[in-house]
Each structure stands twice: as structure tokens, then as C-alpha cells.
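Undergrad: One structure, pasted below without further comment.
Bear in mind that the values in this text are calculations on the coordinates, not laboratory data. Just so you know, these numbers come straight off a predicted model, no measurement behind them. Heads up, the Cβs are rebuilt from the backbone with ideal geometry, glycines too, and the neighbour counts pull from every protein chain shown.
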Amino acid sequence: MKFLRVAILIALTFLPTAPAYAQSLLFRAGDIVGDPASLISAAPINDENLVTGIVSGQGLLTLTDWSVTQNGIFTRNGSAQANGTTADFVLVDTGSTGVMAVVKAQDGTLKLIDWTVSPSGAIARAGSAWAGPIARLAAVAVGDTRVVTATQDTTGATKLIAWDIDGSGNITRRGSAATSAGSAVAIAVLSPTRVASVIRNSAGNLEITLFSLDPTGNLAALGTAQGPAVSTVSATGVSLDRVVTASRLANGSTEVDAWTNLSDTPVLASSGQAGPDTRRHYMAGLRQCDPPRQDHCRCHRSPVGRLAGMGSHRDAGPAAERNAEAD
């Protein structure tokens with residue numbers, strides 16, 4: 001038995017070490033019940049405050065400030081209501097003193113409304129601005145004084161517009177740029193000078209376009225790449241050179257892809273698909289394989305000037321969830 005223990009210790013000593021990853025464990029700290037809503041969005045103010053926006057059954061947009069402690073205890077503060085009704089909207093944070101509501105107005109046009117939030121949680125309307133008719137919208141804050149909107153009209157035409165907000169809440173339209181037509185739209189920010197639009201294009205495929213954004217607010221397309229057939233899209237920037245997309249595929253499952261910018265003027269390249277032996281590892285391009293396999297985990301390095309897919313992960317979908325529950 002002694003020799004067996006020694007042999008096991010020697011074997012463990014020479015085992016190859018696998019990459020170690022820190023795990024983030026989320027747990028529910030607290031909750032509070034708000035008003036009934038048909039649409040909802042939220043944006044942070046600071047570490048202890050956020051603003052929620054809800055659209056009621058009558059189409060009215062109401063904003064509410066909430067304080068939340070580290071222990072998850074909520075306090076409801078001030079509220080304010082926008083004029084008119086809306087069929088779609090999103091809130092974005094514009095620093096520690098306010099939020100921007102980007103809405104499809106009652107007349108079907110794009111409308112931006114700046115709201116200030118006082119330290120006590122009182123919400124007050126500041127400036128507003130308009131653009132043309134839209135069918136779908138998305139928006140992202142680029143710092144505390146700039147917002148970029150991505151919209152599609154009834155023909156599917158996709159347009160990005162940069163907007164600046166001054167200290168009084170006045171909103172000024174800056175540059176704009178167009179990309180492919182589509183039937184779903186999202187937008188992500190990588191840095192103060194880079195944003196990416198993500199759409200379901202006219203062929204039904206995921207399409208990503210990277211744009212430069214200069215200090216005066218001018219937008220210019222840099223490159224485009226396409227992914228699989230999708231029905232809905234979502235996107236977020238996770239670093240200065242990486243966008244992660246989450247899409248619902250045509251078969252109903254979910255795919256998460258990471259796209260990385262390898263130069264100042266990149267073109268996007270398709271992401272690789274994960275093989276069955278790698279799906280147990282990290283998703284969205286952070287995955288490591290044991291042993292490493294470039295063909296499944298990370299695409300081969302693209303030529304300079306490309307945005308390359310770093311990897312992908314597919315959710316097995318509803319059927320697998322039912323099987324897991326049965327287990």
C-alpha cells in the first residue's frame with residue numbers, strides 16, 4: 001500500500017497542468033416588485049443606483065430611480081413619465097448624473113430624451129432630439145457625453161447616428177453611416193473610436209460591421225463579416241478589441257461568438273465553430289482546449305487588418321434542457 005501511495009504521488013506530480021480559470025458565482029441578493037410593464041430596460045447611475053424604464057400597457061414610458069445596497073436591499077426613489085406613447089425603447093447610461101432614453105416615438109420616428117438624476121434620485125427631463133421614421137432600434141453610450149444609435153426603417157435600411165450631449169442636456173446630431181439592410185439590429189462599443197453594428201441581414205445571416213468614430217462624431221465603415229443564419233441578435237463589447245455576439249439560430253438554439261480586431265483598420269472574418277470536445281470549456285473566444293486545437297478553439301491568425309472570429313459556443317437548445325431536467 002505504501003508503494004502504491006508513492007506511485008500515485010509521483011504520477012500526480014508529472015500530470016500536465018490544465019489552464020486555471022477563476023469562476024464568478026452569482027447569487028440572488030434581493031428583489032423588489034415594480035409596476036406592470038410590457039417593455040423594460042435599465043441603465044446604471046453609479047455603484048448603488050440605477051434607473052429602470054418601463055412601458056405600460058397603454059404605451060406610456062415611465063422612468064424610476066432605485067437605490068440598492070450590497071445586501072440587495074432596494075429603495076424606490078423618484079419617477080418621471082415621458083410624453084406620448086412608444087412601441088420600443090432602450091435606456092443607456094450617460095455618466096453618473098443621468099440616462100438617455102432612445103425611443104420609437106408615437107409618430108414612428110426616432111427620438112432621444114436626456115434625463116438628469118439628482119443624488120436624491122429625483123428624475124427630470126432635459127433636452128431631446130429627433131430623426132426619421134424607424135421600425136427597430138438599438139443604442140450604446142460611448143463615454144458620458146456621446147450616444148450612437150443603430151436603427152432600421154420599414155424597408156430594413158440600417159443607419160448609425162452619433163449624438164453628443166452637453167452639460168445642460170442638449171442633444172446634437174453628429175455624423176451618420178449606413179450599412180446593409182436587415183430585420184434585426186444591435187450595436188456594441190469597443191472604444192471611444194470604434195463601434196460595431198450587428199444585424200440579421202436580408203439573407204437571414206448574422207452580419208457584423210466595424211465603424212471608426214472620430215472626435216467630431218463622424219462614422220466610417222471599416223469592414224464586414226457574416227455568420228450563420230439567425231433570427232435575433234445581441235452584442236456587447238468586452239474589451240478594446242473584442243465584440244461578443246449572442247444570436248438565436250434558425251433551429252432555435254443559441255450561439256455566442258467572439259470577434260477580435262487585430263489592427264486599426266480591420267475587416268471582419270467568420271468565427272470558427274466549436275467541436276463537441278471543446279464545448280465543455282470556455283465560450284466566446286476565451287475557451288481553452290486540452291490539448292490545444294486551433295481548428296476548434298481559436299481560428300488561425302488572420303492576415304493583418306482582419307477581425308477574426310475567436311471561437312463560438314452553441315447552446316444545445318430546448319431539447320437538451322429537457323433531457324438535463326430529466327436527469
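Undergrad: What is the packing order of peptides 118-127, 242-251, taking the mean over residues of other C-beta atoms within 10 Å and listing the highest first?
TA: Ranking the peptides 118-127, 242-251 by packing returns 242-251, 118-127.
Undergrad: Another one. With each label point set 7 Å from Cα along the Cα-Cβ vector, what nm distance links Ala229 and Ala42?
TA: Label at Ala229, label at Ala42, 3.6 nm between them.
Undergrad: What nm value, rounded to one decimal, do you get for the distance between Asp144 and Asn170 when each label is placed 7 Å out toward the C-beta?
TA: 2.0 nm
Undergrad: Sort 200-208, 94-102 for me by packing, meaning the mean count of neighbouring Cβ atoms within 10 Å per residue, highest on top.
TA: Descending packing order for the listed peptides: 94-102, 200-208.
Undergrad: How big is the C-alpha Rg of region 113-171 next to the rule-of-thumb value 2.2 N^0.38 Å, as a ratio?
TA: Relative to the 2.2 N^0.38 Å estimate, region 113-171 comes out at 1.29.
Undergrad: Take Ala87 and Val33, extend 7 Å from each Cα along the Cα→Cβ direction, and tell me the distance between the two endpoints in nm.
TA: Rounded to a tenth, the inter-label distance reads 3.2 nm.
Undergrad: Would you pull out the residues with amide H under 5 Å of Leu39's amide H, same chain only if 5 or more places away, H placed 1.01 Å from N?
TA: Amide H neighbours of Leu39, under 5 Å, 5+ apart: Val55.
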